[in-house]
Amino acid sequence: MRKNIVAGNWKMNNDLAATKTLISELENQVKTSEAEVMIAPTFTNLLEASKLLKDCNIEVIAQNMHFAENGAYTGEISASMLKSVGVTTVILGHSERREYFNETDEILKQKVEAALENNMRVVFCFGEQLEDRKSENHFNIVEGQIKNVLFHLETEAWKNIVLAYEPVWAIGTGETASPEQAQEMHKFIRGLVNSNYNDIVSENVSILYGGSVKPANAKEIFSNPDVDGGLIGGAALNAESFMAIVNAF
Ligand code: 13P
């Protein structure tokens, strides 16, 4: 059966000192969680975070990686580098990577393949822009984003895929998709996976919602049958609010 997951995407926030502080606030509280809990600090703090959390059931994950194993890619980080600091899950396709760093479906396809070849788990993000929703094109956009990057994968590979629907208009805006909008899209996504694969794959893949999830709305969003957790930005930077979201399960 699929897992419930709450993942904190810290984005470009928290230096080393702030990372240590937030981890120390989180680590004792998370032991009893019903959901799998992940945090994604910046690259420079992954090693320290992994060390601090090695005996705790909070997984330290990365926000991005390059598709090449090594070589002349100044400023980039490979899968094996992440694994060497204890990181085996990576977020790929975040809308901020797509928008500010021009990550296309073609690039993301290579990144996903590289992560899977390295036995890493992928949290694959996608979601429509506001104009897509206004023009009722959101289902087509999401279908294309998933199909172009993931639907060539073998059935077996899906054991290492987590999906994260993040409508761009809801990220960092305080505006959340309504529970009905989230459920409608998640059900559509599960249906797509089902028609391209089978019941086992579609029933076992966790589909997270991201976009202004807060303690006040988490329970209602997570209570939908096809919403299996959340990818949390701003509210993950504070231990109290992140824990309240984790405990919404
Ligand atoms: P916010 O929770 O700040 O809207 O960010 C969501 C997000 O982008 C998580 O990846």
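The values are calculated or read from the model by the stated rules, or taken from the named source; none is laboratory data. Since this is a predicted model, take the numbers as computed values, not measurements. FYI the Cβ positions are ideal-geometry reconstructions off the backbone, even for glycines, and counts take in every protein chain you see. When the accessible area is computed, the model is the full protein with side chains, heavy atoms only, and any ligands, DNA or RNA have been set aside. Shrake-Rupley method; radii C 1.70, N 1.55, O 1.52, S 1.80 Å.
When all alpha-carbon pairs of the chain are counted, what percent fall beyond 26 Å?
Considering the chain, 34 percent of its Cα-Cα pairs are separated by more than 26 Å.
For Ile91, what residues show an amide H to amide H distance below 5 Å, using hydrogens built from the backbone and excluding near sequence neighbours?
Under 5 Å from the amide H of Ile91 lie the amide H atoms of Ala62, Gln63, Asn64, Val123, each far enough along the sequence or on another chain.
Among all helices in the chain defined by DSSP H, which have a length of 15 Å or more along the axis from Cα atoms plus a Kyte-Doolittle mean of at least -0.5?
16-27, 105-117, 138-150
Given contacts defined as C-alpha pairs under 8 Å and at least six residues apart, what's the relative contact order of the chain, whole-number percent?
Reported relative contact order: 22 percent.
For Glu117 and Asp199, calculate 0.36 nm times their separation in residues minus their Cα-Cα distance, and state this gained length in nm to one decimal.
27.1 nm
How much net charge surrounds Thr176 when only other residues with a Cβ under 15 Å from its Cβ are counted (Lys, Arg +1; Asp, Glu -1)?
Every neighbour counted, the sum reads -3.
How would you order 84-92, 163-171 from highest to lowest mean count of nearby Cβ atoms within 10 Å?
So the peptides 84-92, 163-171, ranked by packing, come out 163-171, 84-92.
Percent antiparallel among DSSP beta bridges with both residues in the chain, to the nearest 5?
That works out to approximately 0 percent antiparallel.
Roughly how many debye, to the nearest 20, is the charge dipole of the chain about its Cα centre, given +1 on each Lys and Arg Cβ, -1 on each Asp and Glu Cβ, and no other charges?
With Lys and Arg at +1 and Asp and Glu at -1, about 440 debye.
Debye calculation, C-alpha points only, no solvent: report log10 I(q)/I(0) for the range 159-232 at q = 0.14 Å⁻¹, in the same order as the q values.
For the requested q values the scattering log ratios are -0.40.
So, counting K/R as plus one and D/E as minus one, what does the shell of residues with Cβ under 11 Å around Gly234 add up to?
Within the 11 Å Cβ shell, the charges total +2.
Work out how much length Gln29 to Lys83 would gain on full extension: take 0.36 nm times their residue separation and subtract the Cα-Cα distance, in nm to one decimal.
Between Gln29 and Lys83, full extension yields 16.8 nm more.
When DSSP assigns beta bridges and you keep just the ones with both residues in the range 85-231, what percent turn out antiparallel, to the nearest 5?
Roughly 0 percent of the DSSP beta bridges within the range 85-231 come out antiparallel.
Could you quote the convex hull projected area for the range 45-178, Cα atoms only and averaged over all directions, in nm²?
Its average projected convex-hull area is 9.6 nm².
At 1.4 Å probe size, with the rest of the protein present, what percent of the exposed accessible area of the chain is carbon and sulfur atoms?
Result for the chain: 49 percent of the exposed heavy-atom area is carbon or sulfur.
Putting +1 on Lys and Arg Cβ atoms and -1 on Asp and Glu Cβ atoms, find which of Asn137, Val122, Ser80 reaches farthest to the positive end of the dipole of the chain.
My answer, from the dipole projection, is Ser80.
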